[in-house]
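A quick write-up on the structure given underneath.
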Amino acid sequence: NIITLTFITSLFALASCSDFLDTVPDNRIDIDGADKFAPLLVSAYPTKLPMLMGEMSSDNVMDNGAQFDDMLLQEQLYLWEDPTGNDDDSPYGLWEACYNAIASANQALEGMDALGNPDNVKAQRGEALICRAYSHFLLANIFCMPYNPQTAKTDVGVPYVFVSETKPMELPDCGTMAELYANIEKDLVEALPLINEDIYTVPKYHFNRKAAYPFATRFYLFYTHADKSNYTKAINCANVVLGEGDPANLLLSPILSVWGYAHGPYSGRNRRYGNANTLFAREGPQAAGSWGTYSNLCTVGKLFGLSQKSFVPKMNAYFEYGDKAAGIGSLHLVVPMFTTDEISLCRAKAYILNGNLDAGVRDINYWLKKHTVTYQAKSRTDLVDFYSKIAYMPTVPENMGQRTIKK
C-alpha cells in the first residue's frame, strides 16, 4: 500500500510539474487562433512620437533668454546636441517605442503565417503590415538623411526587422535608404488592399482605410524619383480618402509625451526655448498670408501668450496619476496622426511638384475655405504674386535669439 501510494503521489507530482512547464513564463500572447490578433495589434502602434524633437530642432523655435527656465531635453534638442536621457520624447524613447511596436506586428504576422493566413485574418494582416511600415518610416525620418534618389544606395538606413527577436538586442544591419524605403513600400503595397475597418470597434484608433491611404500619400511625397511617378501615386492615394467625405481626424494615437506642456507655460514659468512673439509675428499665425491678415484665420480665437512667449495650443495633455499622494504620474496625448486638412495639402504639393499647378490651387482653396473666417478663393496668379513678393528671412533676423551650435 505504501508503494502504491508513493507511485500515485509521484504521478500527481509529475502531472503538476508538466502543467508548470507548459505555462508561458511571462505575459506574452499565445497565438493559437484568429481572435488573438486584434488584442496583440493594439501594441503594434508606437507609444511615443518625434513631435518635440522635430519642433525643438526646427526654425519654429528661438532662444527666449536665460531668464526663463527649461528642461534639459529641450535645451539639448535646440542646440542640436545628442540627448543624454531616455525621456519619452527623446531619440531613445522613440527608438524603443517603434521597435517594440514592430516586434508586436512581427509576432502577429508570424502567428498568421503559422495558421496558413486564412481569409478571416486578412484584415489583421493588413494592419500588422502597415503598422510595421509606419514605425520604420518614423525611424527613418529621425535617424536617417532625407530620401535622395541620387544617394539612397549609399545613405545609411535603420534596421528593417521582419521577424521577432530571439535574442536581446538582435538587430539586422542598418542597410541603405534605398533598401529601407523599398521595404516600407513592399509592406505598404501588400497592406492597402487588405485593410478593412469593419473589424474595429473604434476605427479611428487603428489604420483604417481612411488612415492607411493618407500614410501612403505622405510616404510617396518623401519617396521621390526623377520621373515624378511617386507624385502620381501620392495623388491617387489621397483621392481615395478625399473623395469619400470630409471627417477631420482619420487616425488618433494615444502616446506618452510632455509635448502638451513643453511648447507653452508650465508650472507658472515660461519656456526658454520655443516659439515667441518675434517668430509668431514674422512667420507664424500673426503674419499675413495668402488668406489675408491673421484675424481672418479661424484659429485666431485660440491664440494667447505670456509677455515674451506666444503659442498656439495644439492638443490637450491628460495627466495619469501613478501615485496621487505623491502627485506623480505620466502625461498622455491623443494625437491626430492623419487628418483631411493635412492630406489635402499633401495632395496640393504632389499636384504642384507634378506640374499641375491649377489642381494644386484647388486644394489650397479647399484648405482656405475650412480655415478662414471670410473665405475668398485665390487664383493661381494670386498665389504666385503673393509668394514671389516675400523676401527670404535672413539667417539671423534682427533682435532674434541666435542658435549656438557646439562643435
Carbon and sulfur together cover what percent of the accessible area of the range 127-226 at a 1.4 Å probe radius?
58
Can you sort 210, 324, 48, 167 by solvent-accessible area, 1.4 Å probe, largest first?
324, 167, 210, 48
Ranked from highest to lowest mean number of other Cβ atoms within 10 Å per residue, what is the order of the peptides 349-362, 282-295?
349-362, 282-295
Any idea of residue 80's accessible area? Nearest 10 Å², probe 1.4 Å.
150
Taking 8 Å as the Cα distance limit and 6 or more residues as the minimum spacing, I'd like the relative contact order of the range 89-143 as a percentage.
51
Can you send over the solvent-accessible area of residue 341, 1.4 Å probe, protein chains only, in Å² to the nearest 10?
40
With 20 Å as the limit, write out which pairs from 349/378; 36/186; 210/369; 186/233; 349/369; 48/186 have Cα-Cα distances beyond it, or answer none.
36/186; 210/369; 48/186
Gain in length, residue 342 to residue 171, computed as 0.36 nm per residue apart minus the alpha-carbon separation, to one decimal in nm?
58.2 nm
Taking R0 as 51 Å, what's the FRET efficiency between residue 143 and residue 362 from their Cβ-Cβ distance, rounded to 0.05?
0.90
Report, in debye and to the nearest 20, how large the dipole of the range 196-243 comes out about its Cα centre when Lys and Arg carry +1 and Asp and Glu carry -1 on their Cβ.
120
Taking 60 Å as R0, compute the FRET efficiency from the Cβ-Cβ separation of residue 80 and residue 201 and round it to 0.05.
0.90
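The values are calculated or read from the model by the stated rules, or taken from the named source; none is laboratory data. Please read these numbers as outputs of a predicted model, since none were measured by experiment. Ideal geometry is used to build each Cβ from the backbone, glycine not excepted, and the neighbour counts take in all protein chains shown. Ligands, DNA and RNA are excluded from the accessible area calculation, which covers all protein heavy atoms including side chains. Shrake-Rupley method; radii C 1.70, N 1.55, O 1.52, S 1.80 Å.
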